Amino acid sequence: MSPRIAVFTKNRTNPAYEAARLGADRAALRLGAATLHYVPEQPDNVDEQIALIGRAIAERSDAAVFVPVHETQVNDAILGFARAGIPLVNIITRTIIGERVCFVGSDDHALAMDIARYLFRRLSGRGEIVIVEGTPASATSHARLKGFHDALAEFPGIRVRASLRGEYQRDVAHRVFLGAADALRGVGAILCANDAMALGVLDALGSVPDVREPPLVVGINAIPEAIAAIVAGRMLATANFDAMTMSAIATEAAVRHLRGETVPGEIILPVHIVDAANCSRWNVPFPSRQCPTWQEVTDRSP
């Protein structure tokens with residue numbers, strides 16, 4: 001009988017999680033497994049994810065690929081996986097309680113530092129910027145914000161005029177940036193903690209009259225729409241946060257574990273900065289992107 005892998009993502013609004021679901025499906029199909037997706041209808045909703053964990057346990061999933069919607073508020077529910085004998089492979093945001101077979105993710109601090117340094121060098125080390133943060137409930141947001149500020153410490157000529165909270169959502173970033181647009185005129189760049197928010201900022205900039213020199217905009221994730229914006233010259237760069245590969249590798253880790261194989265306790269993907277010079281590799285829709293193999297990823301992981 002095919003193993004059934006319960007795949008938990010945080011929402012249906014962030015393209016990174018669309019990619020994660022696709023990656024899990026592709027890996028499961030290749031390995032003769034089946035995926036069951038558990039996604040809150042309200043983005044990042046704690047109560048919904050707790051209920052979904054209970055449903056996956058009741059439906060006797062063989063393993064779970066899991067990202068928590070909140071750093072701590074689903075902890076009690078996470079313990080239910082171990083009680084039910086369901087091995088858990090954790091992706092993107094580290095769980096801080098319970099048992100896990102493996103964590104598959106990225107170094108969010110390094111991603112943020114690298115994209116910020118890239119931007120600050122483009123500004124020749126001086127000027128004013130705006131930071132657009134993610135949701136405070138997300139560990140990735142904390143790590144990325146710290147990475148931005150650690151990079152700022154290396155460039156004393158860069159000043160932050162404002163830090164806005166875009167909740168990792170395109171429409172929220174659009175709204176908050178548009179609301180602050182008059183106070184932000186003349187800034188040199190916008191440093192966004194993900195691509196969805198960078199696209200929201202670009203949407204807002206398109207609505208602001210008399211913007212003679214649009215600020216440089218960077219993000220994190222390398223989603224197809226962001227790559228298209230880079231190709232069109234509207235966005236400067238992004239850092240590749242490859243949720244599709246993370247989920248695909250995590251699904252393979254779950255299947256390998258169920259087969260009795262030993263898997264690494266942690267798999268960390270490398271950082272890649274994507275700009276106009278190298279974006280052709282990423283300039284395809286998610287279904288056409290290729291994931292690296294298990295061996296390629298595990299060989300490169302620190």
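So here's what we get for this one:
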| read-out | value |
| --- | --- |
| The range 135-274: C-alpha gyration tensor shape, a/c 1.5 cut-off, then a/b vs b/c | prolate |
| Prolate/oblate/rounded label for the range 101-178 (Cα gyration tensor, a/c 1.5) | oblate |
| Span-rule helices in the chain, defined as complete DSSP H runs reaching 20 Å or more along the axis (Cα) with Kyte mean at least -0.5 | 15-31, 108-122, 139-154, 243-258 |
| For the chain, calculated [θ]222 nm from helices alone, where every DSSP H run of n ≥ 4 adds -39500 (n - 2.57) | -12500 deg cm²/dmol |
| Unit Cα scatterers, Debye sum, the range 45-164: log10 I(q)/I(0) for q = 0.15 Å⁻¹ | -0.72 |
| P(r) weight above 37 Å for the chain, C-alpha pairs, percent | 16 |
| Cα gyration tensor category, rounded, prolate or oblate, for the range 11-115 with a/c compared to 1.5 | rounded |
| Label point distance in nm, Gln42-Glu154, each placed 7 Å from Cα along Cα→Cβ | 4.1 |
| Where the chain is the region considered: accessible area per residue in Å², 1.4 Å probe | 43 |
| Cut-off under 5 Å, modelled amide H: who pairs with Val160 long-range | Ile129 |
| Rounded percent of accessible protein surface that carbon and sulfur make up, the range 73-191, 1.4 Å probe | 50 |
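The values are calculated or read from the model by the stated rules, or taken from the named source; none is laboratory data. Just so it is clear, the model here is predicted, and its values are computed rather than measured. Please note: Cβ atoms are built from the backbone with ideal geometry, for glycine as well, and neighbour counts cover all protein chains shown. For accessibility, only protein heavy atoms count, side chains too; no ligands or nucleic acids. Shrake-Rupley method; radii C 1.70, N 1.55, O 1.52, S 1.80 Å.
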